[in-house]
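Every number here is computed from the coordinates shown, using simple stated rules; none is lab data. Keep in mind the model is a prediction, meaning the values are calculated, not measured. Virtual Cβ from ideal backbone geometry, glycine too; neighbours counted across all protein chains shown.
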Amino acid sequence: CDRHEDHYQEDIVIPEVRVTRYRHHFYYCPCCRKAVYGIGAGEMPRSFIGPVAKSLSNFMHYQMGLSYGKIKRLFRECFQMEFDRSSCPGFDGQARSRGQPIYEKLKAGLIQESYLHVDETGWRNDGQNEWLWIFGGKETAFYWIDPSRGGKVLESVLGETYHGVLISDF
């Protein structure tokens, strides 16, 4: 028979775990005479878990709603990676501290936007009712969580001298 049919099937290929060795050569500091060493490209000092694994853990927790215990189990069963469950909040803190300068830069750039769409919606934060604010411009989307729904939030985010147009549903 001169007939054929193509069938495409998508599947997931679980990535291999990559272990990278960073060899630190020690040198004496010419100023203080203490032994020092540098950091390799892409190396996270004093960390046994790499940045991709930490980012995946953050995504699973904050976007997918998985508990830290389930994240630990998934890493163990799918990737044969072992880490303590209590490491996950540390991953969160590292992402927050590394992302803080980017977040602040986005916030500072809001006043340059010629217009901003601003809205708020209810948000539960550690069992407390708060407000999730969105400040959306042509190039920027900035989120801010605050206990207040009032105008003081606009001042704390945009300052007192925003000269653009605010667009809201009220």
Protection proxy ranking, peptides 109-118, 64-73, average beta carbon neighbours within 10 Å, highest first: 109-118, 64-73
Positive minus negative residues near PRO51 (Lys, Arg vs Asp, Glu; Cβ under 12 Å): +2
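Kindly state, to the nearest 0.05, the FRET efficiency for ASP92 paired with TYR162, given R0 = 30 Å and r defined as their beta-carbon distance.
Working: r = 31 Å, r/R0 = 1.05.
About 0.45, to the nearest 0.05.
When the dipole is taken about the Cα centre of the range 1-141, and only Lys, Arg (+1) and Asp, Glu (-1) are charged at their Cβ, what size is it in debye, to the nearest 20? Before the final figure, lay out each step's value.
Numbers: 19 positive and 18 negative charges, 239 e Å.
Once rounded to the nearest 20, the dipole reads 1140 debye.
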Potential extension, CYS32-HIS117 segment - 0.36 nm per residue separation minus Cα distance: 25.2 nm
Net lengthening on full extension, MET44/PHE59 (0.36 nm per residue, minus Cα-Cα): 3.5 nm
Centre separation in Å (Cα based) which lies between the range 65-102 and the range 12-60: 16 Å
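I want the local charge near THR121. Using Cβ-Cβ distances under 15 Å, sum +1 for each Lys or Arg and -1 for each Asp or Glu among the other residues.
Summing Lys and Arg as +1 and Asp and Glu as -1 gives -3.
Report, in deg cm²/dmol and to the nearest 500, the calculated mean residue ellipticity at 222 nm for the chain, where each DSSP H run with n ≥ 4 adds -39500 (n - 2.57) and the sum is divided by the residue count. Working shown, then result.
Values: 4 runs with 54 residues, N = 170.
Calculated mean residue ellipticity at 222 nm is -10000 deg cm²/dmol.
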³J(HN,Hα) computed for each position of the range 159-169 - Karplus, 6.51 cos²θ - 1.76 cosθ + 1.60, integer Hz, glycine/proline x: x, 8, 10, 6, 9, x, 9, 9, 10, 9, 8
Charge dipole magnitude, Cβ of K and R +1, D and E -1 - the range 78-148, Cα centre, debye nearest 20: 180 debye
Intensity falloff of the range 54-139 expressed as log10 I(q)/I(0), Debye formula with alpha-carbon point scatterers, at q = 0.13, 0.16, 0.22, 0.25 Å⁻¹: -0.62, -0.83, -1.10, -1.19
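When ranked by the protection proxy of mean other Cβ atoms within 10 Å per residue, highest first, what sequence do the peptides 52-60, 23-31 form?
Working: 52-60: 16.8, 23-31: 8.3.
So the peptides 52-60, 23-31, ranked by packing, come out 52-60, 23-31.
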